[in-house]
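To keep things clear, I will list the structure first and then write my remarks on it.
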Amino acid sequence: MGTLYLVATPIGNLEDMSPRGVRILREVALIAAEDTRQTRKLLSHFDIHTPLTSYFEHNKLTKLDAILETLKTGDVALVSDAGMPGINDPGYELVQAVLAAGHAITTIPGPSAPLAALVASGLPTKTFLYLGYLPRRTKERRAFLQELVKLPYTLIFLEAPHRLLASLRDLLDVLGNRPIAVAREMTKVHEEIWRGEIAGAHEHFSQNPPRGEFTLVVGGYTEPSVHRWSKEHVQIALKFGLKLGESPSALAKRLAEESGWNRKELYDLITGLKEK
């Protein structure tokens, strides 16, 4: 019973290819590659002569049987154009099929653009959410971002250069002017990581036309910092609001956003004021 190896490949710098990855690519019976032309360049560089087959988005289901047949007698390696296979690249269906057939799966870890950008971003790394490419159309993109507004995690997206400015505008409009790191050409000669706030990123790339593939690392939602009012200040505001005819529910809701007091505390004070 063969093993499926998920082999990470360089995202821009060939020196990032691990010795173990090179050895596995030499030893397996077959390499399944997202783009055989790109992978041949990698194999040529490391003098690897293992048989190669294509495995990409539009043939990934039809290739399953052939790969499973090879696994009956030998090992197979899966690689993508760059980075870890299965992360925004084909691989999920193959992993499922291989597990169902009872074969072992081993990961050969290595380069990954989302993780490389995250750890260099200067933003919190304890909890993060990787979301792949943003939707292409403005309406769908804004609706997608709306679902993320209150999530406290650092957010990671991929984006193409010709959509970068539109996506930055939608990020600003929907999420607000949060901290962001915009990374391009990671590990390559012209690597760039722009750090600041979303509005500044939009201005920067408006003046410097985007080139290369981008990874966006965006700060998560944080509760607005509200200075808690004194009890005397709150009571004055409550009396004034009631005098103007505001309903207790509307008054408590409004002041909860302004005063740092929660609604229950405000309701209790309103009840006490009415009883006097």
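Scanning the range 222-245 for residues that are crowded, with 17+ Cβ neighbours inside 10 Å and modelled with pLDDT under 90 returns a single hit, Gly241. Residues that are of a type in the set (Ser, Thr, Tyr) and surrounded by fewer than 21 Cβ atoms within 10 Å (Cβ to Cβ) within the range 140-189 comprise Tyr153, Thr187, listed in sequence order. Of Tyr130, Tyr92, Tyr153, all but one fail to be within 24 Å of Gly12 (Cα to Cα) and touching a strand residue (DSSP E or B) at 6+ places or on another chain (Cβ under 7 Å); the exception is Tyr130. In summary, strands (runs of 3 or more DSSP E) completely within the range 21-93 and bearing 1 or more residues that are under 11 Å from Leu6 (Cα atoms) occur at 30-33, 76-79. Only one entry of Ala104, Ala100, Ala29 meets the criterion of being hydrophobic (A, V, I, L, M, F, W, C), more than 29 Å from the chain's Cα centre (by Cα) and loosely packed, with under 15 Cβ neighbours inside 10 Å, and that entry is Ala29.
Scanning for something at pLDDT 90 or above, out of contact with any Leu (no Cβ under 8 Å at 6 or more places or on another chain) and part of a helix (DSSP H, G or I), does the range 206-218 turn up at least one residue? Yes, some residue in the range 206-218 is at pLDDT 90 or above, out of contact with any Leu (no Cβ under 8 Å at 6 or more places or on another chain) and part of a helix (DSSP H, G or I). Regarding His227, is this residue within 30 Å of Leu118 (Cβ to Cβ) and either of a type outside the set (A, V, I, L, M, F, W, C) or touching a residue at least 24 places away in the same chain (Cβ under 8 Å) (or both)? No: the conditions fail for His227. Within this structure, Val217 passes the test of being within 30 Å of Leu171 (Cβ to Cβ) and either more than 44 Å from the chain's Cα centre (by Cα) or of a type in the set (Val, Ile, Thr) (or both). Taken over the range 132-160, the criterion of being of a type in the set (A, V, I, L, M, F, W, C) and either in a helix (DSSP H, G or I) or within 14 Å of Gly176 (Cα to Cα) (or both) is satisfied by Ala143, Phe144, Leu145, Leu148, Val149, Leu151, Leu155.
Checking each residue in the range 203-221 for being in contact with a strand residue (DSSP E or B) (Cβ under 6 Å, 6 or more places away or on another chain), of a type in the set (Ser, Thr, Tyr) and surrounded by fewer than 19 Cβ atoms within 10 Å (Cβ to Cβ) picks out no residue at all.
The values are calculated or read from the model by the stated rules, or taken from the named source; none is laboratory data. Remember, predicted model here, so these are calculated numbers, not experimental data. Glycine also receives a Cβ, built like all others from the backbone with ideal geometry; neighbour counts cover every protein chain displayed.
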